[in-house]
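Report on one structure; see the data block that follows.
The values are calculated or read from the model by the stated rules, or taken from the named source; none is laboratory data. Computed from a predicted structure; not experimentally measured. Every residue, glycine as well, gets a Cβ built from its backbone with ideal geometry; the counts of neighbours run over all protein chains shown. With ligands, DNA and RNA removed, areas are computed over all heavy atoms of the protein, side chains included. Shrake-Rupley method; radii C 1.70, N 1.55, O 1.52, S 1.80 Å.
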Amino acid sequence: MKRKLLGMCLGLVCLFAVGCSSNPKEAEDAKAENTTAEKVTINLGVPKAAPTMPVLQMIETNAMGDNVELNIDYWDSPEQLIAMTQDKKHDIFALPLTVGAKLNNKGVDIKLTNVNTWGVTYFITTDESIKEWSDLKGETIYVPQKSSPADILTQYFLESNGMKIGEDVELKYSTPSEITQLIKVGKVEHAVSLEPQVTNALSGNDNLKITFSYDAEWKKLMGEKKSVPNAGMGATTTFIEENKDVMKKFEVEYEKALNYIVENPEVAGELGEKHFGLKKDIVIKSMPRLGLKYKDGQASMGDLKEFYKLLLDFDPTTIGGSIPGEDFYYGAK
């Protein structure tokens, strides 16, 4: 399968092999246990973006042990991802949460195992006078992809602050990469962008600044404990049921690997450069805003229901017509 660089990056364990444990005895026990277990190959469909980095770290540290092989195939479009979820060859996927909901509504054999990326969307501008959403009256904002979560959230925040789309403010749509280039060279003044594209843009224009964190704006409206969910991992129900212990271990090790690269940004930078062709320094600088935080599927249910409700009210087709039921959410713990 082609392994091309993903156009829209949303963007990104252990030091030793066998189980991610810092305790040598635990590592030896895990290794001894694995020698008697049946070997399992997990085929993953993932993008060249932040949610995949913990998987790469798991591979580099042999976190799943000698009897579990992690095999990666990259997707670079939603169409490729959807095909992978139905080809009966792939088991686990990194996916946008809107796609997860659509698949569930189509009856595809998949459960959400975790949410790992939160609040990666930002409003950036070269105009220092913009302090509030109302300051954008009469302005034009460039937004990535019409009816995307970034678009819907932008409209929601504007309208919640008394602004009318098409009257008070105009929205124009383009791709994340094109918006980044336009704002870097000063052809666009206001834009909505996602990490690591935000850091890429900031590095190319000294007059550019972040005015609004969408996660912070979401908290203002939904409560301080709330965050905007962006991406997660899913697995086929068939794989989960046939490999219950392996699935549980995968989730445990994925969470460890995610926490490790958050605590060690240089490792994330090396992974991004080695596997995705990204600039190491851009990845490292973007880490504080990449929103990498692990919650298993069931623990994420409340956040997602609120998020899906907003998308459903705006345009039901964005999530496939209805909010997924409780059977969509997997809990490993």
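Key figures
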{"item": "Within the range 84-140, tally of residues that are of a type in the set (D, E, K, R) and within 16 Å of N230 (Cβ to Cβ)", "result": "1"}
{"item": "The range 107-153, residues that are basic (K, R) and at pLDDT 95 or above", "result": "K111, K131, K137"}
{"item": "All positions within the range 216-273 that are assigned to a helix (DSSP H, G or I), small (G, A, S), out of contact with any Leu (no Cβ under 8 Å at 6 or more places or on another chain) and open to solvent by less than 10 Å² (accessible area, probe 1.4 Å)", "result": "A257, G269"}
{"item": "First in the range 81-92 and closer than 11 Å to F239 by Cβ, second anywhere and in a helix (DSSP H, G or I), Cβ under 6 Å, 6 or more apart", "result": "H90/M84; D91/F239"}
{"item": "Tabulated pairs, the range 299-327, first part of a helix (DSSP H, G or I), second open to solvent by 10 Å² or more (accessible area, probe 1.4 Å) and aliphatic (A, V, I, L, M), C-beta under 8 angstrom, 6+ apart or interchain", "result": "K305/I323; E306/M222; Y308/I323; K309/I323; L312/I323; T318/L312; E326/M301"}
{"item": "L278 vs. criteria surrounded by 23 or more Cβ atoms within 10 Å (Cβ to Cβ), out of contact with any Cys (no Cβ under 8 Å at 6 or more places or on another chain) and not in a strand (DSSP E or B)", "result": "no"}
{"item": "Extreme residue, farthest from T41 (Cα to Cα), among residues of the range 186-197 that are in contact with a strand residue (DSSP E or B) (Cβ under 8 Å, 6 or more places away or on another chain) and crowded, with 22+ Cβ neighbours inside 10 Å", "result": "V188"}
{"item": "Residue ID - farthest from K305 (Cα to Cα), chosen from residues in the range 125-153 that are β-branched (V, I, T) and out of contact with any helix residue (DSSP H, G or I) (no Cβ under 6 Å at 6 or more places or on another chain)", "result": "T126"}
{"item": "I183 vs. criteria touching a strand residue (DSSP E or B) at 6+ places or on another chain (Cβ under 7 Å), of a type outside the set (D, E, K, R) and open to solvent by 40 Å² or more (accessible area, probe 1.4 Å)", "result": "no"}
{"item": "Enumeration of residues in the range 281-295 that are in contact with a strand residue (DSSP E or B) (Cβ under 6 Å, 6 or more places away or on another chain) and either outside any strand (DSSP E or B) or among the aromatic types (F, W, Y) (or both)", "result": "G291, Y294"}
{"item": "Wholly enclosed strands (runs of 3 or more DSSP E) of the range 109-206 bearing at least 1 residues charged (D, E, K, R)", "result": "111-118, 170-174"}
{"item": "From the options N207, N200, residue that is polar (S, T, N, Q) and either over 21 Å from the mean Cα position of the chain (by Cα) or open to solvent by 50 Å² or more (accessible area, probe 1.4 Å) (or both)", "result": "N207"}
{"item": "Search result, residues across the range 300-325 that are open to solvent by 50 Å² or more (accessible area, probe 1.4 Å) and more than 23 Å from D109 (Cβ to Cβ)", "result": "E306, K309, D313, F314"}
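So that you can scan it fast, the table gives a plain yes or no per residue for (1) assigned to a helix (DSSP H, G or I); (2) open to solvent by 50 Å² or more (accessible area, probe 1.4 Å); (3) among the β-branched types (V, I, T); (4) out of contact with any Pro (no Cβ under 6 Å at 6 or more places or on another chain):
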| residue | (1), (2), (3), (4) |
| --- | --- |
| N43 | no, no, no, yes |
| P51 | yes, no, no, yes |
| P54 | yes, no, no, yes |
| M58 | yes, no, no, yes |
| M64 | no, no, no, yes |
| L70 | no, no, no, yes |
| D76 | no, no, no, yes |
| A83 | yes, yes, no, yes |
